[in-house]
Amino acid sequence: MIDLNLIPFGLSEKSNQLLDVSEVSRGKKCGCICPSCKTPLIARQGTENQWHFAHASRTVYLKTKKECDFSFFVSVRLMARQTIKNTLNIKLPENIGQVEKYLAEYQHYLKVPFNITHQRCVTISNIKIEKLFMNSPVDIFGHIDEYSFILYFTHPGREVPLEFKEPSDNKCGIVTISLDQTHDLFLKAKSSEQSYQEILYNFLENDLKSKTWIFHPRQNHCKQLANEQLQQQITGFIRNHKSINKRKYIKNYQSDSEDIPIGKISRKQSNFECINCYTNWQGLEWSVCPKCKTHLYRRFKGYVSEKT
């Protein structure tokens, strides 16, 4: 069970900077407050349990508990911002999309996956913290070459804005980093010589599973090409389906068409249908389709005197 009120980073009242619990004095002398609810903190640095900050006054904490439900993640997100400087070398995951279509008439499902970008390591430069983008503050705003690039940190209680999925600037890249797994990483820190801050920075740079592409500059173009390919598949599937049905009709023509004995009914008018062009006509048993000019696709439907 994750206790989200065990805080790895406290806000220094003196410097207004976030500090790792390993950087401060023990107990109430730490001089830090909760970055979420501003309650004074104590630094617990025991030999048995994981080092962490905790709210110093339970009475005050209970009054602020509602607005401090995610104090762990708030402190991690703010420290992530503070840790990142003017440039950041970061591993980004591959980005694969998919277009699909269900053909209800044929009860068949078609899909075309498309690759937008491969996994790679990039350098984000000219970084700004908490800049407005589409009227929403983003954690990291920088550039990769000539393209704008955004990192947005998510955790319980903080989801990515929906408008980021279709940004007005289609030459930007947007990636979310989920902080959900950082708690487990910090739990393992007791057996490591690394500080929480060092673990967090390594996580931001190298962890691929936590990162998700929201938008890529090539996304719309790649999706358009995939849609064109999907449409070709749909056209080909329908054409092939009709061709298969036509061959079935021709193969079973002798048995299905109920051919008429010449000696008995050669003078009777009959109803016919062409399975190639769907033309219906009346004629004697040797008649051909008036449109296709052949009897190969002819299907006998009954005599004129019978119900068809």
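Residues in the stretch 153-175: is at least one assigned to a strand (DSSP E or B) and without any contact (Cβ under 8 Å) to a residue 40 or more places away in the chain?
Yes.
Could you tell me which numbered condition Met79 fails, if it satisfies all but one of (1) at pLDDT 95 or above; (2) surrounded by 15 or more Cβ atoms within 10 Å (Cβ to Cβ)?
Among (1) at pLDDT 95 or above; (2) surrounded by 15 or more Cβ atoms within 10 Å (Cβ to Cβ), the lone unmet condition for Met79 is (1).
Can you tell me which residue is surrounded by the fewest Cβ atoms within 10 Å (Cβ to Cβ) among those in the stretch 173-232 that are in contact with an Asp or Glu (Cβ under 6 Å, 6 or more places away or on another chain) and of a type in the set (Ser, Thr, Tyr)? Before you say what the answer is, go through the steps one by one.
Pass one, the stretch 173-232, residues in contact with an Asp or Glu (Cβ under 6 Å, 6 or more places away or on another chain): 195-197.
Of the ones still in play, those that are also of a type in the set (Ser, Thr, Tyr) are 195-196.
Working: Ser195: 16, Tyr196: 24.
Taking the candidates together, the pick is Ser195.
Going through the stretch 138-158 one residue at a time, which ones are closer than 21 Å to Val76 by Cβ and modelled with pLDDT of 95 or more?
Pass one, the stretch 138-158, residues closer than 21 Å to Val76 by Cβ: 138-142, 150-158.
Passing the criteria: Val138, Asp139, Ile140, Phe141, Gly142, Ile150, Leu151, Tyr152, Phe153, Thr154.
Taking Lys66, is it charged (D, E, K, R), loosely packed, with under 15 Cβ neighbours inside 10 Å, at pLDDT 90 or above and not in a strand (DSSP E or B)?
Numbers: charged (D, E, K, R): yes; loosely packed, with under 15 Cβ neighbours inside 10 Å: yes; at pLDDT 90 or above: no; not in a strand (DSSP E or B): yes.
No.
Could you list, in sequence order, all residues of the stretch 19-31 that are surrounded by 18 or more Cβ atoms within 10 Å (Cβ to Cβ), modelled with pLDDT under 90 and either in a strand (DSSP E or B) or in the same structural domain as Leu187 (by TED's automatic domain parsing) (or both)?
Listed by number, the list holds a single entry, Asp20.
The values are calculated or read from the model by the stated rules, or taken from the named source; none is laboratory data. The shown structure was predicted, so the numbers you read here are calculated from the model rather than taken from an experiment. For neighbour counting, all protein chains shown are included, and Cβ atoms are generated from backbone atoms with ideal geometry for every residue, glycine included.
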